[in-house]
Amino acid sequence: VEACVGEMGVSRTLITLTIITSLSGFLNGYDSIMIAACMIFIREELKLTTMWHQVIVGTINMTGVVVVLLTGQVTERVGRWKVIVASSVFFVVASVTLASAGSITQLIVARVFFGVSLGIATMIVPVYISESSPTAVRGRIAIVFNLMYAVGQLIASLVGGAFSTVPHGWRQPSRPHTVHWPILPAGESPLALLSGKGGLFMIFKSVPVRRALLIGTLLHIAQPLTGCFAILNYSATIITMTGVADKNNALWFMAAIISGSAFGFIVNEGLVERLGRRPLVLASLMGIIIAFIIVGITFQMAYLHSPTVQAPSGDPECLANTCGECTSKKECGFCYKGAVGSEHDTSCMAADPHSYFQVSVAGSCSNATLIDAGVETFAYDWCPYRYSWIILIGLSFFFFVYYLGLVTPHTHDEGLVTAFFTWARSTSVSLVVTINWLINFAVITSFLTLTETIFKYGVFYLLMGINFMFLAVFYFLLPETSGISLEDMEKLFNKPIGTVNARSSSRVDPN
């Protein structure tokens with residue numbers, strides 16, 4: 001342990017370890033957004049249905065569930081360092097497979113490999129960093145992984161925009177290879193060398209560990225149920241739902257929106273040691289509720305105040321009075337001339353699936369030349385609304401507040417990972433991260449379907465209600481873990497849950 005702690009609490013070895021290991025965060029953040037950018041092109045090139053769109057995106061989460069279940073046991077046998085190296089190898093294979101994919105099967109195989117890599121990194125890397133860090137700086141060092149994750153997302157969105165005008169350009173951003181693992185210090189973190197093994201029976205038998213496990217599980221349930229990962233994975237698609245028809249513009253808007261996550265990290269870094277983890281988590285949830293109110297109301301206004309349909313449709317399935325009614329039918333789109341706010345010659349027409357709904361099967365909007373020239377506009381899955389830009393502001397604010405508090409050391413360090421005592425760490429982390437990935441899979445593979453069944457505004461109202469529920473739960477149950485050593489975690493969680501939710505009362509007396 002002394003090798004990792006220098007005179008100022010951090011040695012050169014620890015700094016090098018943190019920087020190099022956190023590159024895994026960058027690569028996995030890069031992939032989470034790159035698939036969002038690529039899918040608006042892939043879905044048209046391969047003529048994907050909503051179901052296949054969700055399956056391809058969600059495959060990584062289903063794979064992650066299996067991987068996380070196994071990683072804890074494998075880590076105990078072969079060590080953390082070797083498992084992290086394996087994560088890098090799988091990332092390389094996934095990148096090559098995705099860049100050369102030409103079918104749905106190849107895309108799914110690539111996503112499976114990404115799921116293996118991301119599942120390993122998400123579970124092991126933060127633990128590896130935390131176990132090697134002294135208490136005084138553990139929070140700041142552990143958050144580097146999450147910061148690099150946010151930077152990876154931002155870079156991916158910028159790269160996606162840069163390649164958006166290149167033919168088959170979605171393949172090019174899929175080629176980054178990770179080369180940091182050969183210089184990763186070979187060896188286990190100090191605490192891992194002292195680690196014992198604890199099964200589920202021992203974990204549930206121990207009162208403090210059982211309580212820590214409950215809090216950690218709730219945090220990992222809250223993360224996917226905020227909708228963050230689904231919104232990230234479908235960010236470019238959601239932007240097109242606001243009326244940004246040009247894919248190149250959609251990707252640049254996505255980059256601007258996702259930049260909010262990086263700002264959230266910057267603010268978090270300045271406040272986390274001053275305010276503590278608990279206030280930031282509560283503030284994050286409150287901000288998410290506000291963001292979803294903004295997005296939900298704007299989507300609803302776009303539906304309620306959508307332009308009227310002037311010309312009757314020749315297709316009985318596309319009979320509608322307004323654009324909102326028209327575009328809520330997955331087979332139909334809204335055809336109109338003029339600018340937003342002054343639409344005329346409007347009609348509801350059956351969309352052509354062979355062009356991935358970019359034109360109608362009949363009428364003036366069936367002419368792609370007129371649409372490309374801007375003479376006609378065919379709105380599929382969106383309606384012209386002059387205030388749609390408010391949705392983009394709401395989403396940007398959402399990413400800011402989410403990364404302000406819900407992705408902090410509270411969820412990847414003291415409050416979840418290292419709160420599980422040395423002997424129980426691997427099994428506990430494996431359990432809660434598995435739950436996280438399983439819920440993520442459910443949310444991601446149902447998100448687009450929900451926008452079709454309860455409308456886009458209904459989805460965001462639903463997410464708002466879920467976040468309000470978690471705000472109430474964490475207000476009463478979430479303890480403050482800032483500044484508490486691993487050794488004092490047992491004393492903290494020996495107290496009944498709900499009695500240590502104030503910052504002042506959660507400073508455990510080490511004696």
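The values are calculated or read from the model by the stated rules, or taken from the named source; none is laboratory data. If you're wondering where the values come from, they're calculated on a predicted model, not measured in any experiment. Note that each Cβ is placed from the backbone with ideal geometry, even for glycine, and that neighbours are counted across all protein chains shown. These accessible areas exclude ligands, DNA and RNA; they are computed on the full protein's heavy atoms, side chains included. Shrake-Rupley method; radii C 1.70, N 1.55, O 1.52, S 1.80 Å.
Pop out the ³J(HN,Hα) list for the stretch 214-230 in order, Karplus 6.51 cos²θ - 1.76 cosθ + 1.60 with θ = phi - 60°, rounded to Hz; leave Gly and Pro as x.
Residue by residue, the stretch 214-230 yields 4, 4, x, 5, 4, 5, 7, 7, 5, 4, x, 6, 5, x, 4, 5, 5 Hz.
For the pair Leu450 and Glu273, how long in nm is the line joining their label points, each one 7 Å along Cα→Cβ?
Between Leu450 and Glu273, the simple spin-label model gives 3.8 nm.
Using the heavy atoms of the protein chains and a 1.4 angstrom probe, tell me the accessible area per residue for the stretch 271-417 in square angstrom. Show your work: numbers first, answer last.
On the way: 5920 Å² over 147 residues.
Per residue, the stretch 271-417 has an accessible area of 40 Å².
Accessible area of the stretch 248-329 with a 1.4 Å probe: how many percent of it is carbon plus sulfur? Before the final figure, lay out the partial values.
Working: 2220 of 3440 Å².
In the stretch 248-329, the share of accessible area belonging to carbon and sulfur is 65 percent.
Report the equivalent ellipsoid semi-axes for the stretch 250-385 in whole Å, largest first, defined as the square roots of five times the eigenvalues of the gyration tensor built from alpha carbon atoms.
Each semi-axis is the square root of five times an eigenvalue, giving 41, 16, 12 Å.
Is the shape of the stretch 433-480 best called rounded, prolate or oblate, per the rule: a/c under 1.5 gives rounded, else a/b larger than b/c gives prolate, else oblate, with a ≥ b ≥ c the square roots of the Cα gyration tensor eigenvalues?
Working: a/c = 5.16, a/b = 1.49, b/c = 3.45.
Judged from the Cα gyration tensor, the stretch 433-480 comes out oblate (a/c at least 1.5, b/c at or above a/b).
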